[in-house]
2 protein chains.
Amino acid sequence: MADLSKKTVERLCVYHRELLELENEGTDHIFSHQLAKRAGVSPVQLRHDIMGIGYSGSPARGYEISEMLKSIAKQLLSTKQQNVAIVGIGNLGRAIMAYFHGRRENIRIIAGFDSDLQKINRTISGCYCYSMNDIERICKYHKIKAAIIAVPEREAQDIAEKLSQAGIRGIMNFAPVRLVLPDSIYVENLDMALTLEKVAYFARQ
Amino acid sequence: MADLSKKTVERLCVYHRELLELENEGTDHIFSHQLAKRAGVSPVQLRHDIMGIGYSGSPARGYEISEMLKSIAKQLLSTKQQNVAIVGIGNLGRAIMAYFHGRRENIRIIAGFDSDLQKINRTISGCYCYSMNDIERICKYHKIKAAIIAVPEREAQDIAEKLSQAGIRGIMNFAPVRLVLPDSIYVENLDMALTLEKVAYFARQ
DNA sequence: ATATTACTGTTAAATAAATAACAACGTTAA
DNA sequence: TTAACGTTGTTATTTATTTAACAGTAATAT
């Protein structure tokens, strides 16, 4: 398995999604410039990315969607279902859970954690909720390798360290803080306040 | 005003936030390596970024926090309050509104839009909600230049075009689609499904 | 005074990413 | 059969971003 860059992985996910949609529409082949347009990238970049995963299309018919999907999935997606945990079941946490609930993907949020007793031992959006104290036990038991942090700013660093203890390797962090963690843990920040500032900045230019 | 890269703007926002927090704690000076650690970047990169905005610290005392804040704000933040709209007041939309409500920033969500009559003409998290049909009128009236899209996938492109019509220049898009818009409109995608896939991928490596 | 230290600002090098250029190939039309 | 076309895959070029190197500077200690 080649080592794909962060940006490439991101784009491959986009292609994968667009290809799934195309497949549903009944399309079986597509040219790079068509797919590129849907994905919002240049055709060259798309071909370059596809080169990286070892799939080849035909100059005559373009890419065969089902085959391309297989190739991308082979690189990106785990063969078995991947379990994810979420910490923090407030407004945002529940919205995220609802967002992912029902998607028939191979990534599923299967455990929630909160300190609020009202939420513990309930099922929310198809996901069972535990006490914060159970993080390590449950994550290890379910072999959870990725987690979502949706707790307030002040708790985020502490939770991140707990998750790290529990063997988590990747974190999607919604809290507006830069988590300080070992480099071996992959962190993706979805910092809404920050992003909105950035958007506002470029909207003014 | 210099032309700062996307990445630089993003990091400057982080520095700004950390500096605000430091100021609240009563600190008045800080060295690049200290701030860099809090921001999760290298000290060199921080100094490089700061160079770009024309502020200078002292080799002896480091950066003077209040002055540095002013310099960053001068580059990044609008002098007057910047109004933002949100389209789509579902679970996610309301969570976003709640998230931003009460933050004493100069960016404020002041208008919500939805097609659900139940939500129209109500105030949610301090933000008045209008019908989708009012997008152009309200955005122009309040000089709104940035918007958040939190509608389902299938509506996103249509809404984006409406916003574009209404004079919006920047969009924070939560819908899992790549919006096709003129280059003059800045789009930042916060694609949770995609991001989680990416995190899951790197968590496996 | 003067050397030392610990920092900053800036230029230079290295790395990463995007774009362009073009050969190779199957298909179609003459 | 052969030439022309439009596409892919790949290598080269350019551009952007990060990292390193180092001179300049104020404070401190000798």
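The values are calculated or read from the model by the stated rules, or taken from the named source; none is laboratory data. If you're wondering where the values come from, they're calculated on a predicted model, not measured in any experiment. Here the Cβ is made from the backbone with ideal geometry for all residues, glycine too, and neighbour counts use every protein chain on show. The protein model used for the area step is the full one, side chains on, heavy atoms only, and it has no ligands, DNA or RNA in it. Shrake-Rupley method; radii C 1.70, N 1.55, O 1.52, S 1.80 Å.
Counting just the residues of segment A:37-53 that are more than 10 Å from every other protein chain (Cβ to nearest Cβ), more than 8 Å from DNA strand D (Cβ to nearest atom) and not β-branched (Val, Ile, Thr), which one comes out most open to solvent (accessible area, probe 1.4 Å)?
So, considering only residues that are more than 10 Å from every other protein chain (Cβ to nearest Cβ), more than 8 Å from DNA strand D (Cβ to nearest atom) and not β-branched (Val, Ile, Thr), the one most open to solvent (accessible area, probe 1.4 Å) is A:45.
Only one of A:169, A:204, A:137 is among the charged types (D, E, K, R) and not assigned by TED's automatic domain parsing to the domain that holds residue A:95; which?
Testing whether each residue is among the charged types (D, E, K, R) and not assigned by TED's automatic domain parsing to the domain that holds residue A:95 leaves just A:204.
If you take the residues in segment B:57-94 that are among the small types (Gly, Ala, Ser) and loosely packed, with under 14 Cβ neighbours inside 10 Å, which one is nearest to DNA strand D (Cβ to nearest atom)?
B:60
I'd like to check something: does segment B:88-96 contain any residue that is under 20 Å from the mean Cα position of the chain (by Cα), away from DNA strand C (no atom under 11 Å from the Cβ), more than 10 Å from chain A (Cβ to nearest Cβ) and under 29 Å from residue A:99 (Cα atoms)?
yes
Would you point out which residue out of A:86, A:109, A:120, A:96 is in the same structural domain as residue A:155 (by TED's automatic domain parsing) and touching a Phe, Trp or Tyr at 6+ places or on another chain (Cβ under 6 Å)?
It is A:109.
Determine whether residue A:32 is farther than 18 Å from residue B:198 by Cα, in contact with a helix residue (DSSP H, G or I) (Cβ under 7 Å, 6 or more places away or on another chain), among the hydroxyl-bearing types (Ser, Thr, Tyr) and open to solvent by less than 20 Å² (accessible area, probe 1.4 Å).
So residue A:32 fits the description; yes.
Going by the conditions given, is residue A:18 facing chain B (nearest Cβ under 10 Å) and within 16 Å of DNA strand D (Cβ to nearest atom)?
Here the answer is yes, as residue A:18 does meet what is asked.
Would you please list the contacts, defined by Cβ atoms under 7 Å and residues six or more apart or on different chains, that run from a residue in segment B:44-63 that is in the same structural domain as residue B:10 (by TED's automatic domain parsing) and under 19 Å from residue B:6 (Cβ atoms) to a residue that is of a type in the set (A, V, I, L, M) and within 9 Å of DNA strand D (Cβ to nearest atom)?
Listed pairs, sorted by first residue: B:52/B:4.
Taking residue B:26, is it away from DNA strand D (no atom under 11 Å from the Cβ) and within 30 Å of residue B:138 (Cβ to Cβ)?
Against the criterion (away from DNA strand D (no atom under 11 Å from the Cβ) and within 30 Å of residue B:138 (Cβ to Cβ)), residue B:26 does not qualify.
Check residue A:134 against each of (1) more than 29 Å from residue A:73 (Cα to Cα); (2) within 19 Å of the chain's Cα centre (by Cα) and name the one condition it does not meet.
Failing condition for residue A:134: (2).
Regarding segment A:55-67, can at least one residue be identified that is away from DNA strand C (no atom under 12 Å from the Cβ), on the phi > 0 side of the Ramachandran plot and more than 14 Å from chain B (Cβ to nearest Cβ)?
For segment A:55-67, residues away from DNA strand C (no atom under 12 Å from the Cβ), on the phi > 0 side of the Ramachandran plot and more than 14 Å from chain B (Cβ to nearest Cβ): absent.
Across segment B:82-105, which residue is modelled with the lowest pLDDT among those that are in contact with a strand residue (DSSP E or B) (Cβ under 6 Å, 6 or more places away or on another chain) and farther than 13 Å from residue B:150 by Cβ?
B:82
Being buried (at least 19 other Cβ atoms within 10 Å of the Cβ) and out of contact with any Leu (no Cβ under 6 Å at 6 or more places or on another chain) is the filter here, so list the residues in segment B:131-161 that pass it.
Answer for segment B:131-161, where residues must be buried (at least 19 other Cβ atoms within 10 Å of the Cβ) and out of contact with any Leu (no Cβ under 6 Å at 6 or more places or on another chain): B:135, B:138, B:139, B:144, B:145, B:146, B:148, B:149, B:151, B:156, B:159.
Would you please list the contacts, defined by Cβ atoms under 7 Å and residues six or more apart or on different chains, that run from a residue in segment A:121-144 that is among the small types (Gly, Ala, Ser) to a residue that is open to solvent by less than 40 Å² (accessible area, probe 1.4 Å) and in a helix (DSSP H, G or I)?
Pairs found: A:125/A:97; A:125/A:98.
Under the condition of being over 19 Å from the mean Cα position of the chain (by Cα) and more than 10 Å from chain B (Cβ to nearest Cβ), which residue from segment A:162-182 is least open to solvent (accessible area, probe 1.4 Å)?
Checked segment A:162-182; the qualifying residue least open to solvent (accessible area, probe 1.4 Å) is A:166.
Mind listing whichever residues of segment B:105-117 are away from chain A (no Cβ under 12 Å) and open to solvent by 10 Å² or more (accessible area, probe 1.4 Å)?
Selection gives B:110, B:114, B:115, B:116, B:117.
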